Amino acid sequence: MLWSIVVILLVMGVIGVIVVNQPSFGKLPSGERLKRIKKSPNYKDGKFQNLNHTPLLVGDKSILQAWLGSVFAEKDKDLRPIGNLPSIKTDLTKFAKDEDVLVWMGHSSLYLQTNGKRILVDPVLVSASPFSFYNKAFKGSDGYTPENIPEVDYLLITHDHWDHLDYGTMIQIRDRIRMVICPLGVGAHFEHWGFNSQKITEVDWSDSLDLDGDIKLTSLPARHFSGRGLKANQSLWTAYMLQCSLGNIFISGDTGYDEHFLAIKKKFGTIDFAILENGQYNEDWKYIHIMPDDLVKAVEDLQPKKVMTVHNSKYALGRHAWYEPLENISDASGKYGFNLITPMIGEPVLLKDSTQVFKKWWKP
């Protein structure tokens, strides 16, 4: 009996080693990249840290217990849409380069055009997990594929989790990306996947880049974590501020609520458009994904002229109804009077059109 257990454990260990050495898992930072990381004020005790103490989980649950609770959640909570999700398939190649437009491709994937530049954010168009059979996209939310992405000036990655950095998408669009901008350490994945190192720029919090003289990009703190394999927080996670002719556009990335929202407002003053995480929240991990009430606090802290929420309507990672994040923020916008826009997946947002009307497309 003991020998059988030993054999099973050995086999499982070998399988685990084989799995985590697949190309999709990427690479940990090393060499000069690691030397730079160790100089970062945000890297302490062998890993990147949040601004404030941030437990991964709340209470006594282990990571395995929390994950199993998510996987085997009750099926009567509308975790997934019954039929196809309402969506539009807009041809991204048809936009004129001088057109200021945003297209949400589900979850946190965004296509943005401004100042004549094409910008792609966290495109996950093949798989949001290391295994294709797990965590499939909702039917109707998966209309965009890598083939639909035109040549892009800047690819922005907020962190290296599977639902934000998709190996399958990266491999297929690699030759259409002029420059990759990502947090410290994430560049190791891209180099491992065959991207030209000269086209990869890694940023620490508060770093700013001048993008072709037209756009200023600043990397800003978020409250989250990172990691694709067995070792967490070896690369950084970030939010971004784009300062362009449209004003200040804030992209929160994955984040829990913290004092950084007020600090960002103080630093930049006017925030013309905020794109905030909203979805896949759970009390078990309330410090690393923003809860509904805290999202309202974040909007109040930032005071954006216009707000849109993402990280919803494509994958069931939390245990809430698929439509709950949008319903909650819609109710809050009515109560508190902030300017919320709610495009469906693929619906163009005309960034200079303040009169564009969106409907509650998610209503069950």
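If you go through segment 104-127 and keep only what is under 19 Å from Ala239 (Cα atoms) and in a strand (DSSP E or B), you end up with Trp104, His107, Leu110, Tyr111, Leu112, Gln113, Thr114, Arg118, Ile119, Leu120, Val121. Being of a type in the set (A, V, I, L, M) and within 24 Å of Val126 (Cα to Cα) is a property that Ala321 has. When you scan segment 203-224, do you find a residue that is farther than 28 Å from Pro292 by Cβ and of a type in the set (Val, Ile, Thr), even just one? Within segment 203-224, one or more residues are farther than 28 Å from Pro292 by Cβ and of a type in the set (Val, Ile, Thr). Every condition in (1) of a type in the set (Ser, Thr, Tyr); (2) in contact with a Lys or Arg (Cβ under 8 Å, 6 or more places away or on another chain); (3) not in a strand (DSSP E or B) is met by Tyr154 except one, and the failing one is (3). Within segment 342-361, the set of residues being among the polar types (S, T, N, Q) and surrounded by 12 or more Cβ atoms within 10 Å (Cβ to Cβ) comprises Thr342, Gln356. Every listed requirement among (1) within 25 Å of Val58 (Cα to Cα); (2) at pLDDT 95 or above; (3) touching a Gly at 6+ places or on another chain (Cβ under 8 Å); (4) not acidic (Asp, Glu) is met by Tyr323 save one, (3). Within segment 187-201, the set of residues being out of contact with any Phe, Trp or Tyr (no Cβ under 6 Å at 6 or more places or on another chain), within 18 Å of Tyr154 (Cβ to Cβ) and outside any helix (DSSP H, G or I) comprises Trp193, Phe195, Asn196, Thr201.
Scanning segment 28-50 for residues that are of a type in the set (Lys, Arg) and closer than 13 Å to Ser226 by Cα returns a single hit, Lys47. Looking at Ile88, Ile82, Ile8, Ile63, can you tell me which residue is modelled with pLDDT of 95 or more and of a type in the set (A, V, I, L, M)? From the options Ile88, Ile82, Ile8, Ile63, the qualifying one is Ile88. Residue-level analysis places Glu74 outside the set of residues that are of a type outside the set (A, V, I, L, M, F, W, C) and either at pLDDT 95 or above or not in a loop (DSSP other than H, G, I, E, B) (or both).
Of all residues in segment 190-212, those satisfying the criterion of being over 21 Å from Gln243 (Cα atoms) and touching a residue at least 12 places away in the same chain (Cβ under 8 Å) are Phe190, Glu191, His192, Trp193, Gly194, Phe195, Lys199. Looking across segment 223-245, the residues that are hydrophobic (A, V, I, L, M, F, W, C), in contact (Cβ under 8 Å) with a residue 60 or more places away in the chain and either more than 17 Å from Lys44 (Cβ to Cβ) or surrounded by fewer than 19 Cβ atoms within 10 Å (Cβ to Cβ) (or both) come down to Leu230, Ala232, Ala239, Leu242, Cys244. Scanning segment 295-338 for residues that are among the hydroxyl-bearing types (Ser, Thr, Tyr) and either touching a residue at least 60 places away in the same chain (Cβ under 8 Å) or surrounded by fewer than 20 Cβ atoms within 10 Å (Cβ to Cβ) (or both) yields Ser313, Tyr315, Tyr323, Ser330, Ser333, Tyr336.
The values are calculated or read from the model by the stated rules, or taken from the named source; none is laboratory data. Source: prediction; values computed, not measured. Here the Cβ is made from the backbone with ideal geometry for all residues, glycine too, and neighbour counts use every protein chain on show.
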